[in-house]
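First up is the structure itself, then whatever we jot down about it.
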Amino acid sequence: MSTKQEAINQVITLMRTHSIEIAEIKSELQADSESKYSSRFKSFFAFIGAIFILSGLCIYIGEHWNEMNSSARIIITLGSGISLFIFAICVSSNAKNEKVITPLFMLAAVFETVGMFVAIHELFPNVIDFHYPSLVVFGTMYIQQLIVFSKMQRTSLLFAVVVLGCAFIVTALDLMHIKDSHIAVLVGISLMGISCYLNETKHHTITPFWYLLGSISFLYGAFEILENTTFEFLYILISSAIIYLSTVVQSRQLVFSGTVAMIAYICYYTSKHFINSLGWPLALIILGFLLICISMLAVKIGKTIK
């Protein structure tokens, strides 16, 4: 249909053909509106309820922690997490519980992870190197969340999979004594790569967060590696590459991080090399024009992203 009037005529024709009254249409529209309102209401109270549950458990644990023995500490943390996880799986079969499933899985993941650390600490108090317990906890939770995600295909579970996977990789790389800057670069590239893939799936709602976190990690690591070296100037090209990538994957988060990184580096370089020279006022003027140009370019790029 090329015009609004043609669409209206089409609707009128269908109403006459099927003997549909205007009151019936109003009733359906009202029911649809109420359904959307009810859905938002349920989501709101589901997350508020999850916060109350988490707060209550945390307060109770904090108040009575010193009075508990090892078994009680494990049960109250790990036991709560396992119970919440089983409960979330049980209620997930009912479509009416759709809005409460995500908070339940999130709570379960938090308490299971914390509970496993508590269990290891209570059962093996002499463990000094935290890397090995961390690998066990993050690896176990990663496998659990990945299996459940493969069955249920829920975005919240995929978010947990990415978090736990990153935690496992960072711990493993740190155990191998790889520099923090190199870890940041590797993790950043991985997160941006995962986001690029997920951006084309139904789970694209979580990609803005990972684009932002991945780009910040990558840019931080790259700066740490290049700082005070012969190739430090390449950081401008790296931040420019992030901005260009934002136009390819249509991400405002990458525009933001790339622009902030470029502006921060220009300010850093200018203050480092020109602050004590006679050309400092001129450098400030040039820097000001550069920042304005970069900001205008970033705004222009952001407008092209849908």
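What follows is calculated from the coordinates using simple rules that are stated; it is not laboratory data. In this text, all values refer to a predicted model and were calculated from it rather than measured experimentally.
Structure summary
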{"read-out": "Shape category assigned to segment 159-291 from the gyration tensor of Cα positions, a/c cut at 1.5", "value": "oblate"}
{"read-out": "Relative intensity, log₁₀ I(q)/I(0), of segment 84-136 from a Debye sum that treats every alpha carbon as a point, q = 0.19, 0.25, 0.31 Å⁻¹", "value": "-0.67, -0.87, -1.12"}
{"read-out": "Histogram of C-alpha separations across segment 101-243, 10 Å bin width, %", "value": "11, 33, 32, 18, 6, 0"}
{"read-out": "Convex hull volume per residue in cubic angstrom - Cα atoms of segment 54-181", "value": "125"}
